[in-house]
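Asker: My questions all concern the structure below.
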Amino acid sequence: MSAPVQFEMGKGYAVFRVAGHATAEAAASMFPNIVAAIAAAREHKIQNLLVDISGMTELSVPNVATRYFAVREWADASRGMVRVALLAQAHMLDPEKFSAVVASNLGFRYDTFSSEAEAVAWLQRAV
């Protein structure tokens, strides 16, 4: 059984932070932990969630298939109720925003950022 999800609360949003060295085990559990965080946000009626993986070190850049399947799982966990901003190191992000396009096609409000200020501003904007 996994530990309960811990959130930091901001003004109008919650933050789920994943940090540490990206061992094989840590990297493998990261995506399911994000699914759990989105589901917990939904259950607690948190509409805006910042998922911060920028503190992960030596994390491999995900390929297109990994991005696609991760976003599909996150969209399912959201059930259209949680808007998600993913904060990551710039080299981890796809400049063409493939995952954001997939999310949009699924009706999932999601985007990626390398700046926490930009991610928070996006979450705080009215939809």
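Asker: If I filter segment 48-65 for residues that are in a helix (DSSP H, G or I), at pLDDT below 95 and not aromatic (Phe, Trp, Tyr), do I get at least one hit?
Answerer: Scanning segment 48-65, I find at least one residue that is in a helix (DSSP H, G or I), at pLDDT below 95 and not aromatic (Phe, Trp, Tyr), so the answer is yes.
Asker: Moving on to the next point. Suppose we keep only residues that are among the aromatic types (Phe, Trp, Tyr) and within 17 Å of Arg17 (Cα to Cα) within segment 88-117. Which one would you say is surrounded by the most Cβ atoms within 10 Å (Cβ to Cβ)?
Answerer: Taking the candidates together, the pick is Tyr110.
Asker: Picking from Ala19, Ala24, which residue would you name as being touching a Gly at 6+ places or on another chain (Cβ under 7 Å) and at pLDDT below 90?
Answerer: None of the other options fit; the residue is Ala19.
Asker: Ok, one more. Can you tell me which residue is nearest to the chain's Cα centre (by Cα) among those in segment 42-67 that are surrounded by 15 or more Cβ atoms within 10 Å (Cβ to Cβ) and over 17 Å from Ala119 (Cα atoms)?
Answerer: Ranking the qualifying residues of segment 42-67, first place goes to Arg67.
Asker: So Ala75 ticks every box in (1) in contact with a strand residue (DSSP E or B) (Cβ under 9 Å, 6 or more places away or on another chain); (2) assigned to a loop (DSSP other than H, G, I, E, B) but one. Which box is left unticked?
Answerer: Condition not satisfied by Ala75: (2).
Asker: Give just the number: which of (1) within 19 Å of Glu8 (Cβ to Cβ); (2) not in a helix (DSSP H, G or I) does Pro95 not satisfy?
Answerer: Every listed condition holds for Pro95 apart from (1).
Asker: Could you tell me how many of the residues in segment 66-87 are of a type in the set (S, T, N, Q) and modelled with pLDDT of 90 or more?
Answerer: 1
The values are calculated or read from the model by the stated rules, or taken from the named source; none is laboratory data. No experiment lies behind these values; they were computed from the predicted model shown. Note: ideal-geometry Cβ built from the backbone for every residue, glycine included; neighbour counts use all protein chains shown.
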